[in-house]
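> Here you go, one structure.
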Amino acid sequence: MSDERTIQQVLAKYVRGADRRDGAAVAELFTDDGKVEIFYSNSGNPEPMGEIVGPGPIATAVSQMMRPHPPGGWSHHTTHDPIIEVIGDRATLDAQFIVFSVQAKEKPEGGWPADALGVQGSVTPIESGYYRPILHRVGGGWKIQTLRIVMDMPIAFPRH
Amino acid sequence: MSDERTIQQVLAKYVRGADRRDGAAVAELFTDDGKVEIFYSNSGNPEPMGEIVGPGPIATAVSQMMRPHPPGGWSHHTTHDPIIEVIGDRATLDAQFIVFSVQAKEKPEGGWPADALGVQGSVTPIESGYYRPILHRVGGGWKIQTLRIVMDMPIAFPRH
Amino acid sequence: MSDERTIQQVLAKYVRGADRRDGAAVAELFTDDGKVEIFYSNSGNPEPMGEIVGPGPIATAVSQMMRPHPPGGWSHHTTHDPIIEVIGDRATLDAQFIVFSVQAKEKPEGGWPADALGVQGSVTPIESGYYRPILHRVGGGWKIQTLRIVMDMPIAFPRH
């Protein structure tokens with residue numbers, strides 16, 4: 001498998017892990033000194049929103065800080081149009097991302113109403129931006145050393 | 001062309017055929033014993049929703065059971081972040097999918113109203129899930145032996 | 001890097017340039033006699049909507065004719081399920097596209113309201129269709145000779 005395909009697959013596994021809220025699966029994609037840097041694009045003046053350093057904290061962030069799916073809920077972190085540059089044992093990837101939130105309707109006890117037809121629920125795009133990982137060749141594969149996430153929109157955190 | 005690229009292209013042709021409601025084009029992507037299995041994910045307890053066995057019935061399902069596009073209507077079955085594993089003459093692919101429904105406005109006889117500007121119509125995500133085909137190497141290429149479709153949302157069928 | 005990957009990357013750079021309204025970056029992806037042809041699909045009877053010939057006019061169109069992003073605004077031209085055919089020094093690509101419009105909320109002077117939580121803004125799909133470029137091998141890479149854009153929906157232009 002080419003380096004480029006392997007690298008795309010690392011990102012594919014990252015988004016699968018994020019959608020499953022599977023911190024261990026996500027952490028495994030990073031080097032031992034791996035980190036995640038999150039920015040708000042802010043019309044070209046990137047504003048840091050957070051940094052998570054090390055596979056342990058990354059696992060915790062995915063498992064505990066991402067909002068759990070409600071009943072019938074799911075998400076799809078999707079990535080698009082990767083630009084990949086491999087130089088020896090280092091690589092960069094730049095991919096667009098769109099996150100979709102899915103909410104299935106619950107089937108009523110007595111079955112769907114007579115006028116219900118087709119798919120029961122909704123799919124809504126809720127987040128977007130760019131994933132810009134830097135990867136290192138480790139053994140026969142590639143791991144993420146730094147995942148820079150640039151979000152198109154700011155985030156409001158709960159007040160304490 | 002690499003096996004991985006060829007396999008991605010099989011799925012790309014599948015979604016093109018689905019959007020055109022072109023049963024013959026879709027059926028051609030399957031082996032002679034090919035089948036489609038449809039599940040509702042049901043929060044991790046997959047519920048079978050249907051099975052279609054053989055290229056003939058698959059062609060019929062695509063051509064006759066998928067709702068025809070209304071005037072000005074179209075769809076885009078899009079797939080994302082494929083994870084591909086090739087072992088000898090067999091391969092698995094796991095891709096996210098989002099289906100978009102498109103509805104163009106019809107141009108009025110007298111032309112667009114004075115305040116109309118830009119694209120006239122709407123694009124709406126309506127379905128999502130995972131395509132998980134198992135493929136076999138056939139001749140110089142790859143064909144789908146089983147296409148498992150896992151939908152994030154249940155479907156209500158017309159009552160008779 | 002394989003021809004297919006290089007060709008996908010040309011399209012990836014095209015959509016990046018379009019989202020940045022960076023005419024020079026887009027024009028550089030075309031051959032000296034490169035052109036863009038825009039059609040409305042019109043339920044299978046493609047209707048020409050415009051043609052732009054030469055890298056100079058293409059640069060101008062991207063930089064000056066695409067609507068600028070409003071404050072907090074951005075776009076993502078995303079492409080999906082490429083079908084690529086390389087024959088010697090010529091290649092065709094067929095990709096689905098969806099354009100998303102993003103609008104971030106502006107953070108109020110006094111901070112986000114107490115009930116604001118999560119991402120502040122919206123992501124909306126607004127356009128869709130197919131990119132069907134014809135590419136030529138130039139030097140070690142590939143350039144677009146003709147970019148045929150088939151839009152699913154018609155466009156209303158301002159009246160003068």
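> Only one of (1) open to solvent by 50 Å² or more (accessible area, probe 1.4 Å); (2) more than 25 Å from B:Y40 (Cα to Cα); (3) not β-branched (V, I, T) fails for A:D94. Which number is that?
It is condition (1) that A:D94 fails.
> Which of the residues that make up the stretch C:60-76 are open to solvent by 20 Å² or more (accessible area, probe 1.4 Å), within 13 Å of chain B (Cβ to nearest Cβ) and not hydrophobic (A, V, I, L, M, F, W, C)?
C:R67
> With respect to C:S75, is the statement that it is in a strand (DSSP E or B) and closer than 30 Å to A:P154 by Cβ true?
yes
> Report yes if some residue within the stretch C:109-121 is part of a strand (DSSP E or B), surrounded by fewer than 20 Cβ atoms within 10 Å (Cβ to Cβ) and more than 7 Å from every other protein chain (Cβ to nearest Cβ); otherwise report no.
Checked against the condition, which is being part of a strand (DSSP E or B), surrounded by fewer than 20 Cβ atoms within 10 Å (Cβ to Cβ) and more than 7 Å from every other protein chain (Cβ to nearest Cβ), the stretch C:109-121 yields no hits at all.
> Shifting gears a bit: Going by the conditions given, is A:A24 away from every other protein chain (no Cβ under 13 Å) and either under 30 Å from C:E4 (Cα atoms) or in a helix (DSSP H, G or I) (or both)?
yes
> Right, here's the next one. Looking at the stretch C:87-95, can you tell me whether even one residue there is in contact with a Pro (Cβ under 8 Å, 6 or more places away or on another chain), in contact (Cβ under 8 Å) with a residue 40 or more places away in the chain and away from chain B (no Cβ under 14 Å)?
No.
> If you check B:E106 against the conditions, is it out of contact with any Ser or Thr (no Cβ under 6 Å at 6 or more places or on another chain), among the acidic types (D, E) and more than 10 Å from chain C (Cβ to nearest Cβ)?
No: the conditions fail for B:E106.
> Return the residue satisfying two criteria in turn: it lies in the stretch C:1-24 and is farther than 23 Å from C:E85 by Cβ and open to solvent by less than 30 Å² (accessible area, probe 1.4 Å), and of such residues it is farthest from the chain's Cα centre (by Cα). Working first, answer last.
Step one: list which residues in the stretch C:1-24 are farther than 23 Å from C:E85 by Cβ, which gives C:16-24.
With open to solvent by less than 30 Å² (accessible area, probe 1.4 Å) added as a condition, the list becomes C:16-19, C:23.
Working: C:R16: 8, C:G17: 8, C:A18: 5, C:D19: 7, C:G23: 11 Å.
Looking at the filtered set, the residue picked out is C:G23.
> Now, a different point. Checking B:V15 against (1) within 16 Å of B:G129 (Cα to Cα); (2) assigned to a strand (DSSP E or B); (3) among the β-branched types (V, I, T), which single condition isn't satisfied?
Every listed condition holds for B:V15 apart from (2).
> Which ones in the stretch C:39-51 are open to solvent by less than 40 Å² (accessible area, probe 1.4 Å) and outside any loop (DSSP other than H, G, I, E, B)?
Of everything in the stretch C:39-51, those that are open to solvent by less than 40 Å² (accessible area, probe 1.4 Å) and outside any loop (DSSP other than H, G, I, E, B) turn out to be C:F39, C:Y40, C:G50.
> For the stretch B:126-158, which residues satisfy the criterion of being open to solvent by 20 Å² or more (accessible area, probe 1.4 Å), among the charged types (D, E, K, R) and closer than 30 Å to A:L117 by Cα?
B:E127, B:R132, B:R148
> Of all residues in the stretch B:144-155, count the ones that are over 16 Å from B:I87 (Cβ atoms) and touching a Ser or Thr at 6+ places or on another chain (Cβ under 6 Å).
Here the count works out to 2.
> Can you pull out the residues in the stretch A:25-38 that are farther than 24 Å from A:P70 by Cβ, of a type outside the set (K, R) and open to solvent by 40 Å² or more (accessible area, probe 1.4 Å)?
The answer is A:E28, A:D32, A:D33.
The values are calculated or read from the model by the stated rules, or taken from the named source; none is laboratory data. For clarity, every value in this text was computed on a predicted model and none was experimentally measured. Don't worry about glycine lacking a Cβ; one is built from the backbone with ideal geometry, like all the others, and counts go over all protein chains shown. The protein model used for the area step is the full one, side chains on, heavy atoms only, and it has no ligands, DNA or RNA in it. Shrake-Rupley method; radii C 1.70, N 1.55, O 1.52, S 1.80 Å.
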